[in-house]
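Input: a single structure, listed below in structure tokens.
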Amino acid sequence: MSQRKEMVFVVDDDARVREAINELLESLGWQSETFAAAADYVAYAKPDLPACLILDVELPDINGLEFQKQLSDDVHPPIVFITGHGDIPSSVRAIQGGAVDFLTKPVGENDLVAAVRAAIDRDRIQRSARAELSELARRLAALTPREREVLPLVVSGLLNKQAAAELGISEITLEIHRSKIMHKMRAESLADLVRIAEKLRIPITHSRRSGSLQECPTRSP
Amino acid sequence: MAELNYRMISPSQTSIESGIRSLEGPEVCFAGQEQLIMPIEIEVHKPVEETLRDREHELSQLINMVPSHLWRLTPEGEPTFFNKRMVDFLGLDVPDMDKPGISRLEAVIETVHPHEAAEFRDTLNRCLVTGEHFTMRYRLRRADGVYRWMSSRAEPMRDPGGHIVQWYGLCHDIDDQMHAEEALRQSERQLQQMIDAVPVRIWSVTSMDGPVYFNKRYQDHFRAVIPDFEAIEEPRIETLLQELICPEDAPEVQRTLLNCFESGRGTVMRFRWLEKDGAYRWAECRVEPRRDQDGTIVQWYGVSLDIDDEVRAQEALRNRERELSLLVDMVPSNLWRLTPDGETTLANKHMADFLGVDLEDKRQLAVVFDAIFHPDDVDAVSDVLGRCLKTGELFSMKYRLRRHDGVYRWMSGRAEPLRAPDGRIAQWFGLCHDIDDQVHAEEALRRASEQLARATQAASLAELSASIAHEVNQPLAAIVANSHACHRWLSAEPPNVERAKITAERITRDANSAADVVSRIRALFRQAPRARSSENINHLIGEVCQLMADGIAAKGIRIETNLEPDLPSVALDRVQVQQVFVNLVRNGVEAMDGAIVDGARALQISSLRDGNDAIRIEVRDAGTGFEDTESVFQPFFTTKQHGMGMGLAICRSIIESHGGRLWMANNETRGATVAFTLPLEASEAP
């Protein structure tokens, strides 16, 4: 079985378990890296691949659940917990903390494979979402200041006339800005642009149905 | 003038004198002769001339021989005759008195002591005028200038017409008598002064009802206390009783005195009397009779002393003594006192009540003390007490004492010696209190604790199973993963036999490891005799170090071994002892890992001979050490966050099942050392 471009990290203080899980993962075609302690894992320079972290709950340097909490602030691969004696509160805590699964040793091959696969899939999705977002952010950064002013008005659903009045410019000018925005953001339709704006968390500042227009009298005659 | 030659006899008929008396005036006799003279015989008349001569001679002789001064004055007071003794005394005869310028009388007065001279002159002059008898005492100057006391009398002789014809005087020397009297007075005065000066109150009385003599101090006392003392003419005992003595004590004093006077025996009594500040003070009175030669009581004497301070001091002392005694008796403990030889000399009431002895009977106390200890304790108590008495060290032990009803109760006894200033032991003071209830409570607690321990053991099986699960689970987890991997390698196209082989070997290894854990745990619970093999302990240590080197090195800890070569082999349970090593090494590593240790983080393992019949192994860490090096051996004692606390307890039972010992001590510098011994001659411990 050829090696996939995927990575599995294993942190367990028991050398025998570490060794065996590593063996199993490799036999299943995954690249695997094992660590005896959480600190070793942190220190390791991880390759930019979809990955999964198999984490023993009982670690010598830190409790696995604590470690999960520490990791939550950063970007990290999804976690699959393994434990000698799993208890319900711990597993609930782990899952709530974003863990993919909470497996009890000895871990069966199917469970392990399913968990690892789910974790790596989730990582892949997260990674592509992160990649897309950064591309969109790059496109947004390419807009001119005026275009960045026009964008929220357009995605809020204002008519060109309304948006032009809002900014005190002519409708024609606004249409030019709008067309440039569509091009720069590579939006195929207004709906597409709206979806992109959502991803970029651009706030909807105006509603067509809100009373804001009455409050803001048009400057055009 | 007819005269009568006569002999006379004094009324007492003791002396007979003879003399001549004038027949015309038989009342005229020798001056100074005051006794009536009874003529008893009249002798024949002598011829007048002869008679006169004889009489003259005798008279002259008589006058000069009487041991007194005789003299004669004119009615005007002029001396006309001094007898020879007087002349001798004065060194002057009548004619010598004739001095120019002064009368003879004045010359005589000159010989009188200047102190009495004026009185002498006045008295004599008055007598001369009135004809009264002259009588006076005065000092007269002797020829040598010494004044001597004289007692002098003079009477006038009158003619039939009643006119004074002559004054006849007589004076005799009373100087010695005067001095004796003076001495007597002096002595009396001194006595009086003494009686008045001694700081006691003295009284004397002849009878219960008679007037009482009080010395000055007593009188002063009265004066200060009784407002109208001066109005009391003759103070009596009754006065004392009424005015001075505390009304509560007065009846008793009266009774005592009455008894005393009736029986004729002295007495001592105490009572309170009133003092000038209005307060009563304690006094002691001693009463003694004085008897005359016949033994008849003539006087009673009493001496009263203020003893208030003494009485109050005694009272305070008694009170204190009573309080202390009360305290000693009331403390809810048994108190006792021993001589340095161990003889009991005192026990408090609490103890007497406990033992049921009478405190008054000291003998009983000693006897009882021989039989109060429980037969099982008596030897130990006498050993310890005997040693303490000898060495002076404190006595402290627990023993059972027999109560009066025959029930033995546990006591905690202590005793300390009281030392004299020279360091010798003077007394032993002991205290023991009843701890029977406490002992029984402790025993009950211990039983409960044992039961609890057994229950815990049973209950902990469940908990232990969690621990066991972990111990067994690790190899099992490895086995499962390896077996899946093995299957994968074999199922691969083409099968990876090399990897499959490796994983299969690991499966075997881990399965054995799990099996070992299981049998170790079974051994722990069954404690069944195990097959033992002869092992080289140094090899065993080496294997463990190798086994654990990975994890230890990862923590930056070094293992140093100091193994004595050529140690004899020991018969042991390989798995168990290995488990002990693993446990101790892991503990040591964790202790150092948890501690902030500067310098070398090294775990030292050494093996050496321990005497002829054992070897000793020490595992020395440089961690934090332990607060209590014994409680760590209790099951479930743990300092670790994730430990079960079974490790050291199991280790100890394993070593003990090998007939060895396992102990722990904190190092002097840092960390702790766990050491154990293994006997060379394997002994099968139960």
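The values are calculated or read from the model by the stated rules, or taken from the named source; none is laboratory data. All values derive from a computational prediction rather than experimental measurement. Note that we place each Cβ from the backbone using ideal geometry, even for glycine, and neighbour counts take in every protein chain shown. When the accessible area is computed, the model is the full protein with side chains, heavy atoms only, and any ligands, DNA or RNA have been set aside. Shrake-Rupley method; radii C 1.70, N 1.55, O 1.52, S 1.80 Å.
Okay, here's what the table says:
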| item | result |
| --- | --- |
| Two-site label geometry, B:Q193 and A:T144: point separation in nm, points 7 Å out along Cα→Cβ | 14.7 |
| Karplus-derived 3J(HN,Hα), 6.51/-1.76/1.60, for each residue of region B:560-566, Hz, glycine and proline x | 10, 10, 10, 9, 6, x, 6 |
| Lysines whose Cα lies under 19 Å from that of A:K5, excluding same-chain neighbours fewer than 8 positions away | A:K46 |
| Using alpha-carbon coordinates, inclination of helix A:15-27 to the longest axis of chain A, degrees | 60 |
| Region B:366-429-region A:120-161 distance, computed between alpha-carbon centres (Å) | 98 |
| Region B:242-321: GluC sites (Glu not before Pro) in DSSP loop, at most 15 other beta carbons within 10 Å | B:E248 |
| Cα-projected label distance for B:T345 with B:L547, points at 7 Å along beta-carbon direction, nm | 7.1 |
| Positive minus negative residues near A:K180 (Lys, Arg vs Asp, Glu; Cβ under 14 Å) | +3 |
| Sequence of B:I226, A:I125 from largest to smallest accessible area, 1.4 Å probe | A:I125, B:I226 |
| Computed accessible area, A:R117, all protein chains, 1.4 angstrom probe, square angstrom | 110 |
| Nonlocal amide H pairs with B:T561, under 5 Å, H built at 1.01 Å | B:I605 |
| Cross-link reach list, aspartates and glutamates versus A:K180, counting only Cα pairs under 15 Å and skipping chain neighbours closer than eight places | A:E147, A:E149, A:E171, A:E188, A:D192 |
| Sites matching chymotrypsin sites (Phe, Trp or Tyr not before Pro) across region A:5-107 that sit in DSSP coil, with at most 15 neighbouring C-beta atoms within 10 Å | A:Y44 |
| Segment B:D379-B:F81, length gained on full extension (0.36 nm per residue, minus Cα span) | 95.4 nm |
| Rounded accessible area of B:W203 (nearest 10 Å², 1.4 Å probe) | 10 |
| Estimated FRET transfer efficiency (B:R291, B:A316; beta-carbon r; R0 35 Å; 0.05) | 0.30 |
| Region B:277-294 - phi-based ³J(HN,Hα) in whole Hz, Karplus 6.51/-1.76/1.60, Gly and Pro as x | 7, x, 9, 8, 10, 6, 9, 10, 10, 10, 10, 9, x, 10, 10, 8, 4, 7 |
| Pairwise centroid distance, computed over Cα atoms, of region A:174-200 with region B:87-154, Å | 177 |
| By accessible area with a 1.4 Å probe, ligands and nucleic acids excluded, highest first: order of B:H433, A:H183 | A:H183, B:H433 |
| Built amide H within the under 5 Å cut-off of A:G84, gap 5+ | A:V57, A:E58, A:K105 |
| FRET efficiency estimate (nearest 0.05) - Cβ-Cβ, A:R124 to A:D61, R0 22 angstrom | 0.15 |
| Alpha-carbon spread of chain A, three principal axes, descending order, Å | 82, 39, 30 |
| Within straight-line cross-link reach of B:K84, lysines at Cα separation under 23 Å, skipping those fewer than 8 residues along the same chain | B:K99 |
| Efficiency of FRET between B:F229 and B:R446 - r from beta-carbon atoms, R0 60 angstrom, step 0.05 | 0.10 |
| Along each principal axis, Cα extent of region B:48-194, largest first, Å | 68, 33, 33 |
| Chain A, relative contact order [Cα under 8 Å, separation at least 6], % | 14 |
| Exposure of B:R270 as accessible area (Å², to 10), given a probe of 1.4 Å and all protein chains | 110 |
| Accessible surface ranking that places the most exposed of B:M330, B:M397 first, with a 1.4 angstrom probe | B:M330, B:M397 |
| Where labels lie 7 Å past Cα in the beta-carbon direction, separation of B:M178 and B:N667 in nm | 12.0 |
| Burial order of peptide ranges B:472-479, B:507-514 (average beta-carbon count within 10 Å, highest first) | B:472-479, B:507-514 |
| Listed residue pairs exceeding 30 Å between alpha carbons, taken from B:K501/B:K555; A:K69/A:K184; A:K161/A:K184 | B:K501/B:K555; A:K69/A:K184 |
| 5 angstrom amide H check on A:T34, placed H, neighbours 5+ away | A:V10 |
